[in-house]
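The next block holds one structure in the form of structure tokens; read it before the comments.
Values in this text are rule-based calculations from the coordinates and carry no lab data. Since we're looking at a predicted model, the values are computed, not measured. As a convention, Cβ positions derive from the backbone with ideal geometry for all residues, glycine included, and neighbour counts pool all protein chains shown.
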Amino acid sequence: MTKALFFSEDAHCELCPNNCQIKSGTFGACGVRGNKGGKGIIPFYGFITALALDPIEKKPLYHFKPGTKILSLGFAGCNLRCPFCQNWRISQNTEACDQSRGRWMKPQEIISAAKEAKSPSIAYTYSEPLVHAEYVIDCMKLARENEIANVLVTNGCINKKAAEQILDLTDAANVDLKCFNKDTYQKVLNGGVPGTNPLEAVKEFIKLCYKKNVHLEITTLIVPDLNDSSEELNAIADFIASINKGIPWHITAYHPDYRWNAPPTNPDFIRNTAKEAQKKLKNVHTGNI
Ligand code: SF4
Ligand code: SF4
């Protein structure tokens with residue numbers, strides 16, 4: 001079995017800010033990374049829950065290889081618990097991701113599939129790729145050797161050491177900046193895991209992407225009464241502008257899913273938010289309306 005990285009001698013997973021202490025015979029909060037007899041295990045290495053050839057704009061990436069297709073692969077599990085997750089069937093219950101929901105693929109098979117589809121890029125997407133760091137790193141190394149670009153579509157909720165390793169192999173990323181409120185990130189989106197600060201981790205990840213010259217676009221799903229105050233949306237635009245005014249910001253509308261039943265975001269609200277943000281940023285895009 002492939003060795004789990006980022007597993008400390010005292011059985012902490014150090015991959016993401018949840019920093020789970022994992023008892024033998026159990027898994028961390030993502031349901032992906034476990035402990036067996038004191039050793040870190042990653043039994044979902046190579047388990048692919050979705051494989052599709054998408055237009056790159058669907059990621060969404062509007063300023064990286066526009067007009068091309070991208071081989072997109074999804075995994076099982078996620079380190080966050082967004083109650084409106086559109087991919088909850090694969091992200092929120094790894095036990096349900098049995099053989100009927102996916103297939104096992106070696107990294108070399110992913111590269112062969114990309115070549116066969118004549119796809120110039122591979123996207124690690126749908127659920128959360130970062131909790132599968134070992135597999136993503138192995139695929140990314142092979143993709144680089146084959147001159148195929150690596151694209152991460154991610155919640156960006158990862159610690160710096162792992163982020164450094166993955167971003168050194170990443171060509172482009174779309175990172176969710178889900179809100180700009182520490183409590184919302186921790187209590188609503190991270191299921192209340194105590195003592196965590198996902199917002200800070202995501203902000204640091206975004207800054208690191210930029211520092212490492214990874215092509216970067218940012219997405220915010222606007223959920224009514226959760227992250228739609230003008231203060232919060234202005235704070236996100238200000239944060240992006242403080243890094244670079246040219247970084248594209250995708251403002252997308254929420255639709256009811258999983259455990260969140262509030263009515264969808266009003267399309268006019270999305271358009272007005274975009275108009276306001278354009279005063280600060282050069283590339284603002286709307287989506288899902
Ligand atoms: S990736 Fe995060 S949620 Fe998963 S076991 Fe490691 S620290 Fe916990
Ligand atoms: S981070 Fe993405 S995949 Fe994970 S729960 Fe949230 S929306 Fe779903």
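Basic side chains Lys and Arg get +1 at the Cβ, acidic Asp and Glu get -1 at the Cβ, and with that the dipole of region 69-161 about its Cα centre reaches some 180 debye.
Most exposed first by the Cβ proxy, i.e. fewest other Cβ within 10 Å, how do Glu276, Glu116, Glu164 rank? Can you show the working numbers first?
Numbers: Glu276 15, Glu116 9, Glu164 12.
In increasing order of surrounding Cβ atoms, one gets Glu116, Glu164, Glu276.
If you run the Gaussian network model on the chain, springs between alpha carbon atoms under 10 Å, then out of Val131, Val153, Val214 the most flexible one is Val214.
Region 77-132 and region 266-288 have their alpha-carbon centroids 30 Å apart.
With a Förster radius of 35 Å, plug the Cβ-Cβ distance of His255 and Ala117 into 1/(1 + (r/R0)^6) and report the FRET value to the nearest 0.05. Intermediate values should be presented prior to the final figure.
On the way: r = 29 Å, r/R0 = 0.83.
With a Förster radius of 35 Å, E is 0.75.
Projecting the Cα atoms of Leu281, Gly156, Leu73 onto the dipole axis of the chain, where Lys and Arg carry +1 and Asp and Glu carry -1 at the beta carbon, places Leu73 farthest toward the positive end. Residue separation of Asp225 and Lys141 scaled by 0.36 nm, minus their Cα-Cα distance, works out to 26.0 nm of gained length. Computed from the C-beta positions of Asp183 and Lys106 and an R0 of 35 Å, the FRET efficiency is 0.25 to the nearest 0.05.
Determine, for Lys178, Lys59, the number of other Cβ atoms within 10 Å of each Cβ, and report the residues in order from fewest to most.
On the way: Lys178 26, Lys59 23.
In order of increasing Cβ crowding within 10 Å: Lys59, Lys178.
Placing a pseudo-label 7 Å from each Cα along the Cα-to-Cβ vector at Ala235 and Ala52 gives an inter-label distance of 3.4 nm. For the chain, the residue among Pro60, Ala237, Gln21 whose Cα projects farthest onto the positive side of the dipole built from Cβ charges is Pro60.
Per-residue ellipticity at 222 nm, computed for the chain from helices alone with -39500 (n - 2.57) per DSSP H run of at least four residues, works out to -7500 deg cm²/dmol.
Using Cβ point charges alone (K and R +1, D and E -1), the dipole size of region 45-287 about the Cα centre works out to roughly 360 debye. As a proxy for reagent exposure, Glu145, Glu232, Glu200 were ordered by neighbouring Cβ count within 10 angstrom, fewest first; the result is Glu145, Glu200, Glu232.
Mind giving me the FRET efficiency for Lys275 and Thr68? R0 is 35 Å, r the Cβ-Cβ distance, nearest 0.05 is fine. Each step should come with its number before you reach the end.
Details: r = 29 Å, r/R0 = 0.84.
It comes to 0.75.
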